[in-house]
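Notes follow the structure.
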Number of protein chains: 2
Amino acid sequence: MAKFQINILGCGSATPTARHQPSCQVIDFRDRLFMIDCGEGAQLQFRRMGLKFSRLRHIFISHLHGDHLFGLPGLLSTMDLHQVEGTVTVHIFPDGARLLKEWMDFFCRSEEMKIEYDIITPGRHGIIYEDHALTVEAFPLYHRTECSGFIFREKSKPRHINGEMVKFYNVPTFMYPRIKEGEDFTTPDGIVVPNHRLTTDPDPAMSYAYCSDTAMNPRVAEAVKGVDTIYHEATYDDSLAATARERGHSTAREAATIAAMAGARRLIIGHYSKRYNSEQILLDQAREAFPDVTLANEGLKIDLL
Amino acid sequence: MAKFQINILGCGSATPTARHQPSCQVIDFRDRLFMIDCGEGAQLQFRRMGLKFSRLRHIFISHLHGDHLFGLPGLLSTMDLHQVEGTVTVHIFPDGARLLKEWMDFFCRSEEMKIEYDIITPGRHGIIYEDHALTVEAFPLYHRTECSGFIFREKSKPRHINGEMVKFYNVPTFMYPRIKEGEDFTTPDGIVVPNHRLTTDPDPAMSYAYCSDTAMNPRVAEAVKGVDTIYHEATYDDSLAATARERGHSTAREAATIAAMAGARRLIIGHYSKRYNSEQILLDQAREAFPDVTLANEGLKIDLL
């Protein structure tokens with residue numbers, strides 16, 4: 001099974017506490033690592049979760065509040081000290097790129113590791129990263145400041161070879177990759193064997209949307225429509241719905257409503273206000289609006305399958 | 001007893017590990033807090049040790065390597081979120097002030113809390129902070145980059161009133177503060193009672209020197225001569241003396257030698273290389289050159305008395 005795993009490094013809000021670290025997640029996509037947000041302490045959480053610096057090549061920053069990026073200087077410096085070679089790309093808003101570059105040019109004068117800054121355009125929905133197997137889209141969220149969510153979409157996977165049938169038709173092994181991609185097979189006698197006789201359907205392609213920080217907004221549901229698993233911030237419980245609106249955040253119930261509107265299969269909530277000593281109330285209220293809710297927690301790994 | 005307490009928030013080197021946080025100490029001087037260095041994660045350690053943000057007014061940064069200051073943006077932002085009012089002064093080299101100011105002007109636009117930048121002149125030995133009870137001096141260390149140590153000196157303390165004698169001479173209570181400062185007392189009959197008949201010697205004034213990061217250098221011992229307690233980096237053991245020299249660091253034995261040369265009463269060592277799973281070898285080697293050595297450790301509080 002091709003790996004598509006969400007690692008929760010931090011799911012608190014505003015300030016680190018004894019219970020939660022500031023925002024940071026790592027997507028392990030077939031052993032390549034993609035970080036989303038990088039709160040202070042991310043580098044330590046990264047190592048605690050057994051992740052490898054050498055596999056991290058892309059970091060996506062949702063917005064320019066400190067709790068989402070103050071871990072960057074330390075993380076990048078440590079990667080450099082660990083002799084990571086090649087290019088690490090930070091996808092970030094223009095002001096963030098400027099400020100980060102000034103620090104890294106001063107504090108991390110590496111020969112081996114190059115930091116590239118890929119500018120995210122605030123307010124735009126579009127693909128900002130693509131390779132043979134994955135795309136990453138940025139899309140607007142609705143916070144006190146410009147904020148982007150991110151959607152990770154696996155491209156469609158190869159079809160499964162039907163072992164008995166390829167044997168029956170004497171399909172040579174070198175043809176398998178093309179058969180997996182959907183090609184028909186022509187026998188030496190010139191008979192065309194249609195692909196669907198040689199293969200079965202591929203595993204479904206997975207997708208993951210990261211929505212933090214944002215007020216509840218139907219346009220978010222529209223943007224992430226059809227995504228398999230959604231992470232949506234759930235800073236407050238129902239009793240603080242007005243505070244949520246005022247500060248550009250969401251309640252757990254609102255997060256669940258977005259997941260329902262988007263037709264998601266699963267919802268992960270996080271970015272908890274530090275007032276909660278237990279997040280049970282957030283889980284309970286979210287589950288009233290959407291069935292499959294998971295509480296983010298530091299150290300949690302979730303496989304999308 | 002007037003409080004003069006060293007709090008160790010972090011005593012690792014270069015990168016945070018499961019065992020040690022990067023450099024950070026807090027001096028609790030009669031309930032006012034002075035931070036020295038501020039590695040990533042300092043704000044969390046600060047709270048873990050039960051310290052109060054509102055009492056922290058001065059932060060001293062020894063040099064511009066990330067493991068000594070990447071905790072500043074998070075710490076200052078959190079202080080602001082905790083509604084600390086008034087001025088917080090960061091004492092730092094010129095480039096550090098410039099880079100930090102650019103970040104804080106962007107990420108921490110506070111109304112209530114003001115951040116001031118006090119420029120430390122590299123290579124100079126002199127007083128950079130003074131109040132009625134304390135001075136702080138910066139002095140040069142010998143690292144790969146410009147680096148300052150800091151000496152915290154308690155001013156001489158008031159003399160102790162001799163209860164029986166002031167009663168015998170009918171010294172009025174309002175005179176006590178001046179008697180404690182060393183004034184003689186003149187009776188209504190015009191007889192002068194010399195101060196030493198009314199008081200006993202004050203408690204000794206304490207002093208503390210912070211020396212990190214530095215190669216071993218006799219000029220450091222000269223600068224901290226007569227200081228009561230010295231913190232000196234001890235990154236390596238004897239077997240890595242050449243590495244220490246090359247990287248501008250010290251061995252534990254060298255740290256102890258400096259303490260001996262300076263005539264200190266006590267030595268605290270720290271800034272351990274992450275290669276050590278136990279610092280016992282550093283302690284053992286330091287103790288061969290100086291008797292009273294303490295291993296710094298996260299959470300340790302040491303009262304100077």
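Just so you know, all these numbers are worked out from the coordinates, no wet-lab data involved. From a predicted model like this one, the values you see are computed outputs, not experimental measurements. Quick reminder, even Gly has a Cβ in these numbers, built from the backbone with ideal geometry, and neighbours come from all protein chains shown.
A Stokes-Einstein calculation at 4 °C with viscosity 1.567 mPa s, built on the Kirkwood radius of the stretch B:192-305 over Cα pairs, returns a diffusion coefficient of 87 µm²/s.
Taking amide H positions as modeled 1.01 Å from N, with prolines and chain starts lacking one, the residues under 5 Å from B:Ile268 and 5 or more places away or on another chain are B:Ile230, B:Tyr231, B:His232, B:Thr294. The value obtained for the stretch B:213-258, namely the Cα convex hull volume divided by the number of residues, is 60 Å³ per residue. Annotation: the antiparallel percentage among DSSP beta bridges lying fully within the protein assembly as shown is about 55.
With the label put 7 angstrom out from Cα along the Cα-to-Cβ vector, B:Tyr169 ends up 11.4 nm from the copy partners, going from closest to farthest.
Label points for A:Leu283 are taken 7 Å from Cα along Cα→Cβ. From this copy to the others they lie 4.1 nm apart, shortest first.
Each residue of the stretch A:31-37 was assigned a 3J(HN,Hα) from its phi angle through the Karplus expression (A = 6.51, B = -1.76, C = 1.60, θ = phi - 60°), giving 6, 9, 10, 10, 8, 10, 6 Hz with x at Gly and Pro.
Evaluated at q = 0.24, 0.33 Å⁻¹, the base-10 log of the normalised Debye intensity for the stretch B:160-200, with identical point scatterers placed on the Cα atoms, takes the values -0.71, -1.38. As a ratio to 2.2 N^0.38 Å, the alpha-carbon radius of gyration computed for the stretch B:1-122 takes the value 0.99. Ranked by the mean number of other Cβ atoms within 10 Å per residue, highest first, peptides B:12-25, B:276-289 order as B:12-25, B:276-289.
For the stretch A:178-239, the square roots of the Cα gyration tensor eigenvalues, ordered a ≥ b ≥ c, give a/c of at least 1.5 with a/b greater than b/c, which places it in the prolate category. When Rg and the Kirkwood radius Rh are both evaluated on Cα atoms of the protein assembly as shown, their ratio Rg/Rh stands at 1.11. Of all beta bridges that DSSP places with both ends in the stretch B:9-116, some 35 percent have antiparallel geometry. As a proxy for reagent exposure, A:Glu154, B:Glu40, B:Glu112 were ordered by neighbouring Cβ count within 10 angstrom, fewest first; the result is B:Glu112, A:Glu154, B:Glu40. For the stretch B:62-216, the residue among B:Ala97, B:Pro177, B:Asn195 whose Cα projects farthest onto the positive side of the dipole built from Cβ charges is B:Asn195. Between this copy and the others, label points of A:Arg98 are 1.6 nm apart in ascending order, each placed 7 angstrom from Cα in the Cβ direction. Extents of chain A, taken as max minus min of Cα coordinates on every principal axis and listed largest first, are 72, 53, 34 Å.
Answer rounded, prolate or oblate for the stretch A:243-305, using the Cα gyration tensor with square roots of eigenvalues a ≥ b ≥ c: rounded when a/c is under 1.5, else prolate when a/b is larger than b/c, else oblate. Verdict is oblate for the stretch A:243-305.
Here the Karplus curve 6.51 cos²θ - 1.76 cosθ + 1.60, taken at θ = phi - 60°, turns the phi angles of the stretch B:150-158 into couplings of 9, 10, 9, 10, 5, 6, 4, 8, x Hz, with x standing for Gly and Pro. Checking the Cα-Cα distances for A:Lys52/A:Lys101; B:Lys155/B:Lys301; B:Lys3/B:Lys52 against a 18 Å cut-off, the pairs over it are A:Lys52/A:Lys101; B:Lys155/B:Lys301. Projecting the Cα atoms of B:Asn277, B:Asn217, A:Gly126 onto the charge dipole of the protein assembly as shown, computed from C-beta unit charges around the Cα centre, puts B:Asn277 farthest toward the positive end.
Note on chain B: antiparallel DSSP beta bridges, both residues inside, total approximately 55 percent of the bridges counted.
Taking every residue in A:32-44 and counting other chain Cβ atoms within 10 Å of its Cβ, the average works out to 3.
Shown in residue order for the stretch B:60-65 are the 3J(HN,Hα) couplings computed by the Karplus curve 6.51 cos²θ - 1.76 cosθ + 1.60 at θ = phi - 60°: 10, 10, 6, 6, 9, 9 Hz (x for Gly and Pro).
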